[in-house]
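In what follows, a single structure is set out as structure tokens and then discussed.
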Amino acid sequence: MRPILKCLVLLPLLLLLGCGTSRREPTRILMQTTRGDITLELSDRTPRHRDNFVRLTRQGHFDGVLFHRVIADFMIQGGDPDSRDAAPGALLGNGDLGYTVAAEFRYPELLHRRGALAAARTSDEVNPRRASSSSQFYIVWGRTFTDPELDAVQQRLDRATGGRIVLSPSVREIYRTDGGTPHLDGQYTVFGRVVEGLDTVEAILNERTDDNDRPLNDVRIVKASVLE
């Protein structure tokens, strides 16, 4: 009887302690753009990227920069510090802040489904560890895929990742129904997602662009804020 009584005595205390603990909510970023608002949720599974993005947001790095690269049925890219005061038609995409962020691949929990927030980076030839850009990011749009198309993507992933990334049945269902860019999985760090404002992302995707994929009419991040 003594162990049972001990459990009965401790139970109210454990319940009380449990009620006193709170689970930290994921960090959210509000991006106010010239085409509308986008709310991003950062993943705690990628703490290096989360903390870097929050720090840059609080420093005002994203305020005034452009979505300088827009490709229909693919993604929108921003964060280049050189884009803030860029002349019309200037080639952008090479700006950075002088450091990289080590890759944090968390597949399949974080993958390139529609609305994913991911870090841009330089090519494998100069960046074999696939470290992320200090500030440039992209938001996935992509498209939906058929099973034969996903079979072809799997072959491409096998070559790019040495068989490390496998499109499981559940992942295939995501890409068949929601869409995205599965060929990038396991090679670029996904560190968040759009929770509000996919319509804004779509509006930006519909912008007319030049031969370098830069919108003819600048699409600017007016203000980025950490939502407390």
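Which one is most open to solvent (accessible area, probe 1.4 Å) among residues in segment 24-47 that are among the charged types (D, E, K, R) and at pLDDT 95 or above? Filtering segment 24-47 for residues that are among the charged types (D, E, K, R) and at pLDDT 95 or above, the one most open to solvent (accessible area, probe 1.4 Å) comes out as 45. Cβ separations smaller than 8 Å between residues 6+ apart or across chains give the following pairs from segment 163-190 residues that are touching a residue at least 12 places away in the same chain (Cβ under 8 Å) and under 18 Å from residue 148 (Cβ atoms) to residues that are basic (Lys, Arg) and assigned to a helix (DSSP H, G or I): 183/156. Being assigned to a loop (DSSP other than H, G, I, E, B) and modelled with pLDDT of 95 or more is a property that does not hold for residue 193.
The sole residue among 37, 73 that is acidic (Asp, Glu) and on the phi < 0 side of the Ramachandran plot is 37.
Listed by first and then second residue, the pairs linking a residue in segment 45-58 that is among the basic types (Lys, Arg) to a residue that is assigned to a loop (DSSP other than H, G, I, E, B), with Cβ atoms under 7 Å apart and 6 or more places separating them unless they lie on different chains, are 45/106; 45/109; 45/110; 48/102; 48/104; 50/27; 50/43; 50/44. Residues in segment 61-85 that are over 22 Å from residue 184 (Cα atoms) and in contact (Cβ under 8 Å) with a residue 24 or more places away in the chain: 61, 62, 63, 64, 65, 66, 81.
Note on segment 59-143: enclosed strands (runs of 3 or more DSSP E) holding 3 or more residues that are buried (at least 18 other Cβ atoms within 10 Å of the Cβ) and among the aliphatic types (A, V, I, L, M) are 116-119. Exactly one residue out of 216, 198 is surrounded by fewer than 19 Cβ atoms within 10 Å (Cβ to Cβ) and either closer than 16 Å to residue 140 by Cβ or touching a Cys at 6+ places or on another chain (Cβ under 9 Å) (or both): that is 198.
Only one entry of 225, 170 meets the criterion of being open to solvent by 30 Å² or more (accessible area, probe 1.4 Å), touching a Pro at 6+ places or on another chain (Cβ under 8 Å) and either closer than 20 Å to residue 64 by Cα or not in a loop (DSSP other than H, G, I, E, B) (or both), and that entry is 170.
The values are calculated or read from the model by the stated rules, or taken from the named source; none is laboratory data. A quick note: this is a predicted structure, and the numbers were derived from the prediction, not measured. Virtual Cβ from ideal backbone geometry, glycine too; neighbours counted across all protein chains shown. The protein model used for the area step is the full one, side chains on, heavy atoms only, and it has no ligands, DNA or RNA in it. Shrake-Rupley method; radii C 1.70, N 1.55, O 1.52, S 1.80 Å.
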